[in-house]
Amino acid sequence: MFSDFFNRLDSIDYFVSTKKELLAEKNRAMLLQLGNGLTIVVVLYLLVRFSIDPGRLPELRFWVLFAVLLAYRIEYKCWISKILLSFNSTRLIVLLNYYLFFMASAYLEMREFDASHTPIFIALILALPAFYTDYFQVYFLIETVIGISYFAICHLVSPGTLSWQACFEMMAAIMFSLVMVLAIFGNQAESVTEEKVFKEKSDTDLLTGLKNKIAFQDESKEAIRNKPLGTASMLLILDFDNFKLVNDNYGHQTGDDVLKAFANILIREFRVVDIIGRVGGDEFMVMVPSIPFESTGLIFSRAWNSGK
């Protein structure tokens, strides 16, 4: 059971990591839809209330919620939908606005209803997995913060009114929401993980386990593009002299063993972040990204010694 739980966590992490740009755009748009839905529900409630009590107009608590919802709509239309935001920037904007949605709704709920029940809290917590996609740890953190904030605002607005039943309902909603995350995104993520396994196989040299030529070129280009300012990248090209003689004199199996042994030496001598590939029969390349300029000589010496 625990192994399945952690496998799903790994799958969700990989799913989010590989689709950040798509998820960033989706999260921004879905929060707008959540705001639209919340607006419709509140307006319908006000219409029903007005039909029962025609002289009762919306109080301040309703206008606070409408102001928060309108603010995000203006943000979205004016600049959020028109600029390219990173996944982390989108996360900050979306979760901050979701938190404001929640706090305004919680204030409305406590002023309008009996605090022994928490329908708006439960609805917003259960809606989060449907409107927002992120790492499981982020879900856990934001829902914990929301739960603590709800207790705090309840204590400030209506001290002593939150019943044990309401507390149980809130904790159950948070737990059920996290289970929904594992169930909904875990299944999607598992299919993406299968794609990951297939990609790794297609990117790997079957004999040595290193990157093949195409994968090495792609990852090296990406590393160079993302190189921090003030650092160097170093490309090492290594091959065997007269390697054909090894195959001719000792057989291809021995030649394969030599290549595998050399690949293991390269893995041992270089960092995890360095990109190591077999680009030909007896040709290897190593891309060493993001290093100080003064370290290039030391790395060359290490490569020279590893080839002896």
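Points to keep in mind about this one:
- Remark: pairs (first residue in the range 123-135, crowded, with 19+ Cβ neighbours inside 10 Å and part of a helix (DSSP H, G or I); second residue modelled with pLDDT of 85 or more and among the charged types (D, E, K, R); Cβ separation under 9 Å; 6+ apart in sequence or on different chains) = 125/143; 128/143.
- Of all the residues in the range 43-61, those that are in contact with a helix residue (DSSP H, G or I) (Cβ under 7 Å, 6 or more places away or on another chain) and exposed (fewer than 11 other Cβ atoms within 10 Å of the Cβ) number 1.
- Between 77, 26, the distinction of being under 20 Å from the mean Cα position of the chain (by Cα) and part of a helix (DSSP H, G or I) belongs to 26 only.
Each row is one residue, and each column tells you yes or no for (1) free of Cβ contacts under 8 Å to residues at least 60 places away in the same chain; (2) under 26 Å from residue 23 (Cα atoms); (3) open to solvent by 40 Å² or more (accessible area, probe 1.4 Å); (4) part of a helix (DSSP H, G or I).
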residue	(1), (2), (3), (4)
65	yes, no, no, yes
70	yes, yes, yes, yes
85	no, yes, no, no
91	no, yes, yes, yes
94	no, yes, no, yes
98	no, yes, no, yes
101	no, yes, no, yes
110	yes, no, no, yes
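- Checking the stated criteria, residue 194 turns out not to satisfy the condition of being surrounded by 12 or more Cβ atoms within 10 Å (Cβ to Cβ) and either more than 30 Å from residue 9 (Cβ to Cβ) or at pLDDT below 90 (or both).
- Every pair of residues 6+ apart whose Cβ atoms lie under 9 Å, when the first sits in the range 213-242 and is farther than 25 Å from residue 258 by Cα and among the β-branched types (Val, Ile, Thr) while the second is open to solvent by 50 Å² or more (accessible area, probe 1.4 Å) and not in a strand (DSSP E or B): 231/292; 231/293
- Screening residue 56 on (1) of a type in the set (D, E, K, R); (2) assigned to a loop (DSSP other than H, G, I, E, B); (3) in contact (Cβ under 8 Å) with a residue 40 or more places away in the chain shows it passes everything except condition (3).
- Boolean, residue 201 is part of a helix (DSSP H, G or I) and modelled with pLDDT under 85: yes
For (1) under 16 Å from residue 289 (Cβ atoms); (2) at pLDDT below 90; (3) open to solvent by 90 Å² or more (accessible area, probe 1.4 Å); (4) touching a strand residue (DSSP E or B) at 6+ places or on another chain (Cβ under 7 Å), each residue gets a yes or a no:
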{"site": "219", "(1), (2), (3), (4)": "yes, yes, no, yes"}
{"site": "223", "(1), (2), (3), (4)": "yes, yes, no, yes"}
{"site": "228", "(1), (2), (3), (4)": "yes, yes, no, yes"}
{"site": "232", "(1), (2), (3), (4)": "yes, yes, no, yes"}
{"site": "241", "(1), (2), (3), (4)": "no, yes, yes, no"}
{"site": "245", "(1), (2), (3), (4)": "no, yes, yes, no"}
{"site": "252", "(1), (2), (3), (4)": "no, yes, yes, no"}
{"site": "257", "(1), (2), (3), (4)": "no, no, no, no"}
{"site": "261", "(1), (2), (3), (4)": "no, no, no, no"}
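- Considering residues of the range 136-160 that are open to solvent by 60 Å² or more (accessible area, probe 1.4 Å) and in a loop (DSSP other than H, G, I, E, B) only, the residue farthest from residue 28 (Cα to Cα): 160
The values are calculated or read from the model by the stated rules, or taken from the named source; none is laboratory data. Keep in mind that this is a model prediction, so the values were computed, not measured. Here Cβ is always computed from backbone atoms with ideal geometry, including for glycine, and neighbour counts include all displayed protein chains. Please note that ligands, DNA and RNA were not included when accessible areas were found on the heavy atoms of the full protein model with its side chains. Shrake-Rupley method; radii C 1.70, N 1.55, O 1.52, S 1.80 Å.
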